[in-house]
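Some notes on the structure that comes next.
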Amino acid sequence: MALNPQLTKSYAVEDYEHMHQLLKASSKYSFYLTMLICLPMMLEAQLILQWWLGLVPEHTVNFIRLILVYALLYSLANPVIISVHATGRIKRFQMVEGGMLLSIVPIAYILLRFFHVSPELVFVVHLIVEICTQIVRVCIVLPMIQMNIMEYVNGVILPILKVVIIAPLLPICIYVILETSVISFFVVSIISVLCVLAVVYFVGCNTVERIYLRAKLYDLYRKIIS
């Protein structure tokens, strides 16, 4: 949200290079911050729901995990949506985006009514439609702001995919090995956060971003010890 006004301002003054940098940074950091919260919650969804509800209804754990995956995917949408709003040319964009998202309802109804699929599949349909919608968003918006699609893929999608593949490995192993308990909850949660932070720093950020983070951490360290 903090970067939204800067995206609009950069487009207004036709500073497209800066706008592209902001779009890539906003997309990546939104995803990373969301993943920082979602990963431990996805792994420990069963225990969290037991503490909250006592008796966990059937399918609820899977619903929560799928909703959290959707939250991760949707974190990529906001920077692109703000960018198209900055151009003022939103009619075609909203018609296409809205039409695709509305298709979730009839598709889910047909699957439930005629094919008797499990309720989880409704959320899977939502995820698939959201992925397709995000691809369409990118294909519509990036030409409007004079940004190459491969620049977005290399600057946003590939770093995110690396983080998504690597960061959960150790937390998932620990979650499988440990028996469910309060201690395992805290161990898995802490390891998940540390793994996400480490992988984001070493894999998900480029050299310039790592230098910037080190400088900020050093400044924070100096303030603490002073």
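Table for the structure above
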quantity	calculated
Number of the exception - VAL188 against (1) part of a helix (DSSP H, G or I); (2) open to solvent by 50 Å² or more (accessible area, probe 1.4 Å); (3) not aromatic (Phe, Trp, Tyr)	(2)
Of the criteria (1) open to solvent by 50 Å² or more (accessible area, probe 1.4 Å); (2) without any contact (Cβ under 8 Å) to a residue 24 or more places away in the chain, which one VAL122 fails	(1)
Enumeration of residues in the range 26-42 that are open to solvent by less than 20 Å² (accessible area, probe 1.4 Å) and touching a residue at least 40 places away in the same chain (Cβ under 8 Å)	SER26, SER27, LYS28, PHE31, TYR32, MET35, LEU39, PRO40
Condition check for ARG89: closer than 19 Å to GLN6 by Cα and either open to solvent by 80 Å² or more (accessible area, probe 1.4 Å) or in contact with a helix residue (DSSP H, G or I) (Cβ under 6 Å, 6 or more places away or on another chain) (or both)	yes
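Yes/no matrix, rows are residues, columns are (1) in contact with a strand residue (DSSP E or B) (Cβ under 9 Å, 6 or more places away or on another chain); (2) without any contact (Cβ under 8 Å) to a residue 60 or more places away in the chain; (3) open to solvent by 30 Å² or more (accessible area, probe 1.4 Å); (4) more than 27 Å from LEU158 (Cα to Cα):
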position: HIS59; (1), (2), (3), (4): no, no, yes, yes
position: ILE64; (1), (2), (3), (4): no, yes, yes, no
position: VAL69; (1), (2), (3), (4): no, yes, yes, no
position: MET100; (1), (2), (3), (4): no, yes, yes, no
position: HIS116; (1), (2), (3), (4): no, yes, yes, yes
position: VAL136; (1), (2), (3), (4): no, yes, yes, no
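The values are calculated or read from the model by the stated rules, or taken from the named source; none is laboratory data. As the structure is a prediction and not an experimental result, all values here were calculated from the model. Backbone-built Cβ (ideal geometry, glycine too); neighbour counts: all protein chains shown. Areas reflect the complete protein model, heavy atoms only, side chains present, ligands, DNA and RNA absent. Shrake-Rupley method; radii C 1.70, N 1.55, O 1.52, S 1.80 Å.
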